[in-house]
Amino acid sequence: MNLGPGVDALARFLAGPEPAWWASALAACIVWLGPLLLIVLPIAALGQIIERKVAAAMQRRHGPNTAGLDGLVRFLVRCLCWFLPRATQERLTARLCRLPGMQLARRLGLGQLVADGIKMLGKEDLIPGNADGWVFRLAPYLAMCGALLPFAAIPFGQHLVALEVPVAALYVAAAGGLTVIALFMAGWGSGNKFSLLGGMRAVAQVVSYEIPVGLAIAGVVLWCGSMDLQRIVASQYNAHWASFLGWNFFQSPFLALLAVILFVAGLAECQRTPFDMAEAESELVSGFNTEYSGLRWGLFAMAEYAEMFLVGAIIATLFLGGYQSPFGEPAIIALPAWLAALIHALMLTLKASALLFVMVWLRWTLPRLRVDQVMRLCWITLVPLALLALFGVALTMLAAGSVAPGSAYGRIPALPELHLTPLAHALAWVLPVAIAALLIVLARRQHGRLHPDLARLSGAGR
Amino acid sequence: MGMEAASGLGAWGSVAAIAALAVLVVGGALAVVRLVTRILDRIRDPRERLTTYECGEQPVGSAWFRFNNRFTTIALTFLVCDIELALLWPILPRALDWLAAGEGARVFLEVSAFVGILAIALIWVAARGGFRWDREVSDG
């Protein structure tokens, strides 16, 4: 059976050289659905709890997160052991609550998660009489699709990728674009003025920030010479023990700048603070999801966290070595395939989660931008900056000028890549940084400490 | 038709059965919750609850009203830039080939001209105030 190299390798590992159909089917389930079911969906579901935990820690309060599972255990014992005397039930409950995991559950507030889930499902599924029926109903599922579909092309390991196509980067950008349609459908279909304004703002914002995102991805595609995410990861492989030296982020200051642009624009694509004008609760109630309740609202919330994780995974894949370990990657790739796959999946999850944490951190640190500031930041700052960085990447490549065969990485053969001597590499960093520093010094001499626009924005000039 | 095949399948079958049971139990519980809420939804009088939410006031007029035309500027600019990206992306992966063939400078100039024309258009829109949402768009 030919289900792609990853599935076939796993099927052979499970059931010998001639795997039966069930081994192939199982392998397909693990490779295609494993990362989604075991990593992405749990993080999307846990997103709210992670957010509350971070918020509570930053504001030095407990937050609603100290609920354990004791009540749930008591309830389950009552339901399942109804035939036992009450005293025995109590003793059983106490026994179960002393189990080692329960203290941890109390510390983590896992009970809150269960309660939230039951609450969300039990809530009334309200569809306003004024709403455009099927548009309103379809929107949350489409938002979820837009957040989950791109994960099919993101490699979680050498074999752990569901969709291995030469245009994976294009696919990720295109599938992520579904979210815009979902936002517009939610805003329009609700039949509510707040929702319509929120939806329009959301669409304008997401669509605008798609340009810097596209330019940032284009920079990496140009540098690595491929749109295949698996090859982009492979081209960041460095045989040195400090393997992070091969990551795109450290190759050129222009690529580092593009990574920062991608992060800021990705934050805006998820409509997170400081870019959450679409849901500005102080003026639009809740924006496009004002009329949503229960499970439909929950799907929007889950899609938001899945999308944040997606942005983290894309930045990690394009700029931070993908699923590679920062240290000792040559040793890891030499391990048995299943062990390497586990470590690789863990590495990508850690990188993406770290970026997700930064996004949550920013939300509880920065104030919200005004809607005209959001638009100006995109079109007047990020798009020209991304264009300049793209030109910088192209100029660096022109100046380096020579292409050499790279090194093979696991099952991915050696690919041609840009050849930079150590001196050229150092120059590629020093020259742009020196020019930028010079420009900043000149600008300060002309305009004073702050540019007049910045001074007006921050109110320092008054 | 060996016993080994059957027992091998049986071992996995038991895992599958447990998984299916778990799905059935959780799914069944959730289905019951949904069913109860559905029935409760039907029992109560829906007229008041199904009105559009406008902070407790009676909704005024239709929700599908006209909105500011500056969204149009953004939409058109986005369309142009997105087509630019769609045309730019397919040639980028070939850049290393051209570089190896010694045609790097020529291709760089050609693509720069293409992107540069669109950059001029962006500067024009910005100069006309198309991205200044804190003011009205000027005519001149």
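With a simple spin-label model that places each label point 7 Å from the Cα along the Cα-to-Cβ direction, the separation between residue A:424 and residue B:113 comes to 2.7 nm. Longest stretch of chain A clear of exposed loop sites (chymotrypsin sites (Phe, Trp or Tyr not before Pro), DSSP loop, at most 16 other Cβ atoms within 10 Å, sites excluded): A:84-240.
Which whole-number percent of Cα pairs in chain A have a distance greater than 33 Å?
On the way: 49591 of 106491 pairs.
Value for chain A: 47 percent of Cα pairs lie more than 33 Å apart.
Could you size up the charge dipole of the stretch B:70-127 around its Cα centre, putting +1 on the beta carbon of Lys and Arg and -1 on that of Asp and Glu, and report it in debye to the nearest 20? The calculated dipole for the stretch B:70-127 is roughly 160 debye.
Computed over Cα pairs, the Kirkwood radius of the stretch A:83-228 leads via Stokes-Einstein (1.306 mPa s, 10 °C) to a diffusion coefficient of 80 µm² per second.
DSSP H helices in chain A with Cα extent of 20 Å or more along the helix axis and mean Kyte-Doolittle hydropathy at least 1.0? Before the final figure, lay out each step's value.
Details: long enough: A:21-35 (22 Å, 1.37); A:41-58 (26 Å, 1.04); A:133-148 (24 Å, 1.19); A:193-224 (46 Å, 1.29); A:253-269 (24 Å, 2.31); A:294-319 (38 Å, 1.31); A:337-363 (39 Å, 1.70); A:383-400 (26 Å, 2.34); A:422-447 (37 Å, 1.31).
Flagged H segments are A:21-35, A:41-58, A:133-148, A:193-224, A:253-269, A:294-319, A:337-363, A:383-400, A:422-447.
With +1 assigned to the C-beta of every Lys and Arg and -1 to the C-beta of every Asp and Glu, and no other charges, what is the dipole magnitude of the protein assembly as shown about the Cα centre in debye, to the nearest 20? Walk me through the intermediate numbers first.
Details: 45 positive and 38 negative charges, 404 e Å.
Roughly 1940 debye for the protein assembly as shown.
Placing unit charges on each Cβ (+1 for Lys and Arg, -1 for Asp and Glu) gives the protein assembly as shown a dipole about its Cα centre, and among A:401, A:359, A:382 the Cα reaching farthest toward its positive end belongs to A:359. Between rounded, prolate and oblate, where does the stretch A:154-239 land on the alpha carbon gyration tensor, with a ≥ b ≥ c its root eigenvalues, rounded for a/c under 1.5, else prolate if a/b exceeds b/c? Taking the square roots of the gyration eigenvalues as a ≥ b ≥ c, the stretch A:154-239 is prolate. A cut-off of 5 Å between modelled amide H atoms, ignoring neighbours fewer than 5 places along the same chain, links residue A:419 with A:402, A:403, A:404. Of all lysines in the structure, the ones whose alpha carbon falls short of 26 Å from that of residue A:53, not counting any fewer than 8 places away in one chain, are A:119, A:123, A:351. Which FRET efficiency value, to the nearest 0.05, do you get for residue A:346 and residue A:412 by plugging their Cβ-Cβ distance into 1/(1 + (r/R0)^6) with R0 = 25 Å? The pair residue A:346/residue A:412 has a calculated efficiency of 0.80.
How far, in nm, would the chain grow between residue A:240 and residue A:76 when pulled straight, counting 0.36 nm per residue and subtracting the alpha carbon separation? Mind showing how you got there, number by number?
Working: separation 164, 0.36 × 164 = 59.04 nm, distance 5.41 nm.
53.6 nm is the gain from fully extending residue A:240 to residue A:76.
If r is the Cβ-Cβ distance from residue A:364 to residue A:91 and R0 is 35 Å, what FRET efficiency results, to the nearest 0.05? All intermediate terms of the calculation are to be shown ahead of the outcome.
Values: r = 44 Å, r/R0 = 1.25.
With R0 = 35 Å, the Cβ-Cβ based efficiency is 0.20.
For the stretch B:29-108 and the stretch A:40-91, compute the distance between their C-alpha centroids and round to whole Å. Each part reduced to its Cα centre gives a spacing of 35 Å.
Summing charges over neighbours of residue A:344, with a neighbour being any other residue whose Cβ is under 13 Å away from its Cβ, gives +1 when K and R count +1 and D and E count -1.
None of the figures in this text is laboratory data; all of them are computed from the coordinates on show. Since we're looking at a predicted model, the values are computed, not measured. A quick note on method: Cβ atoms are made from the backbone with ideal geometry, for glycine too, and the neighbour counts reach across all protein chains shown.
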